[in-house]
Each structure stands twice: as structure tokens, then as C-alpha cells.
Amino acid sequence: MNEHPTVACIVPLYNGRAFIRDALASIAAQTWPARELIVVDDGSCDDGGALVAGHFPEARLVRQAVAGEAAARNRGIAEARSDYIALLDQDDLWRPRKLELQMAALRDDPAADWCIGLQRMVMLDEPGAGWARPDFLDRPLPGYLPGCMLVRRRAFDRIGLFDTAYRLGSDTDWFMRALSGGLRVANVPEEILIRRIHGANASRDAAGFYGNLMQVVRAHMLRRRRAGA
């Protein structure tokens, strides 16, 4: 491990003006400061990109035509020059010690290629939403999602970036490829991410999300069959 390893934080942005300020503030509050903060504006129709440019001079704003969340994450990773990659969705928040705890875990396990931690889901108060309150809210849960990741760059070199064929679920596909590809994962047994649940979450498109998830699972099973042949 380098004496002073560097971290790039990648934040995809798509019509996220209502959330992006809080997300970037949670990055700025990290006890382990990131060397790079890259916001990829994926063809937003609101003025979220202008808000970033006007209020977060430390952020590098990259604009592209609409290509989807996987392509936005990949663009940020390609732009980054740091040793480690961290990802945060525009509507979620990091706990202040997120990067510090994960860097310590990877320092203690040099063979580990990436690291995850725990998440806590919170439901935003949206008038008239009428949602039932799930029983998994407000308690720590395993965080197999981009906001809980810290990845050595070599991991992407080994198994590739996020698959842009999936409109939703490209992160699940990456996790499956990482595990089946033999990447070693370190775990932080602490809460490092606040995942905010609201009406605009992409994953609330149940038909699209579960349809893509089934495609991901089928592709994973096919790869395993081919590997065993």
C-alpha cells in the first residue's frame, strides 16, 4: 500500500438537484479526505450541474449525454487518477468516517481488492406518498451497493467496469462478477452509508428493477456453467 494512498469519489448526477448538495457535503465531511471529487452529469434536465459548479469548486464536473448510471460511473472511474475508487449515489449520504474505516480495513488486509460496510435505510418525509413503512428501516444492513464500496483500481482492471447493458442492476452484476472472479472483499462491521428512500429512487421502478435483476442472475449462472464446462 502506498504511504499516502489517494481516493477518488465518483458521483453520477441525473436530475438530482434536490439531493446532490447533501451528498457532496457528506463527502466534504470525511475524516479521510478524498484527492478527487468527480461528478458526472448524465444529461440532467434540471440545473443540478450548475449547482455543483457554483457551490462545490473542489468538484470536477463532467457532462455527457444521457447514457445511464453504469456509463456515468464508468466515465468517472476513467477520469479518476487515484489509487482507490469510491462511489456515491446523488441521493445518499456517507457517514463521516466511511473512507477512514475502509482505508484501514484495506490496509490491514493487503490481499483484499475491495471493501464494503453496513448501510442504514431511511425514508424521507414526502407529503402524500402514502408508503407503508418497511420493517428493515432504521437498522444496519449489509451494504452490497455502490455507496458502500471502496475499490482498489486493480479490481476494475481484473474484472472490468459496470456493464452498460443493464439500465438497472449493473452494480449487482459487478458484485457477482467480483465474487465469482475471486476478488477478495474486506468488511467494515460499521454503518457507513445512509440510503435515502424517496419517490424518485430508480429502484422504485419495480418492473424495470426486477426485470434487470433476473437478467443479471441468468448471465451469472451462464458464466458459471461455462466456467465449469
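The values are calculated or read from the model by the stated rules, or taken from the named source; none is laboratory data. Values in this document were obtained by computation on a predicted structure and should not be read as measured data. We place every Cβ from the backbone using ideal geometry, glycine too, and count neighbours over all the protein chains shown. Heads up: the accessible areas ignore ligands, DNA and RNA and are worked out on the full protein's heavy atoms, side chains in. Shrake-Rupley method; radii C 1.70, N 1.55, O 1.52, S 1.80 Å.
Select from region 26-69 those GluC sites (Glu not before Pro) which occupy a DSSP coil region and have at most 13 other Cβ atoms within 10 Å, ordered by residue number.
Sites meeting the loop and neighbour criteria: Glu58.
Given points 7 Å out from each Cα along the Cα-Cβ axis, report the Asp108 to His4 separation in nanometres with one decimal.
Between Asp108 and His4, the label points sit 2.6 nm apart.
Rounded to whole Å and sorted largest first, what semi-axes of the equivalent ellipsoid does the C-alpha gyration tensor of region 79-118 yield via the square root of 5 times each eigenvalue?
Over the Cα atoms of region 79-118, the semi-axes work out to 19, 14, 9 Å.
Say each of Arg184 and Arg63 gets a label point 7 Å from the Cα, pointing the same way as Cα to Cβ; how far apart are those two points in nm?
A separation of 4.5 nm, rounded to one decimal place.
In the neighborhood of Leu118, defined by Cβ-to-Cβ distances under 11 Å, what is the net charge if each Lys or Arg adds +1 and each Asp or Glu adds -1?
Its environment carries a net charge of +3.
Ratio of alpha-carbon Rg to the 2.2 N^0.38 Å globular estimate for region 54-122, to two decimals, please.
1.30
Let me know the Rg and Dmax you get for region 1-115 when you use only its Cα atoms, in Å.
14.0, 44
From the P(r) of region 148-194, can you give the percent of Cα pairs sitting at distances over 16 Å?
44 percent
Considering only protein heavy atoms, what is the solvent-accessible area of Arg177 at a probe of 1.4 Å, reported in Å² to the nearest 10?
Ignoring ligands and nucleic acids, Arg177 comes out at about 40 Å².
Which shape class applies to region 29-177: rounded if a/c is under 1.5, otherwise prolate when a/b exceeds b/c and oblate if not, where a ≥ b ≥ c are the square roots of the Cα gyration tensor eigenvalues?
Judged from the Cα gyration tensor, region 29-177 comes out rounded (a/c under 1.5).
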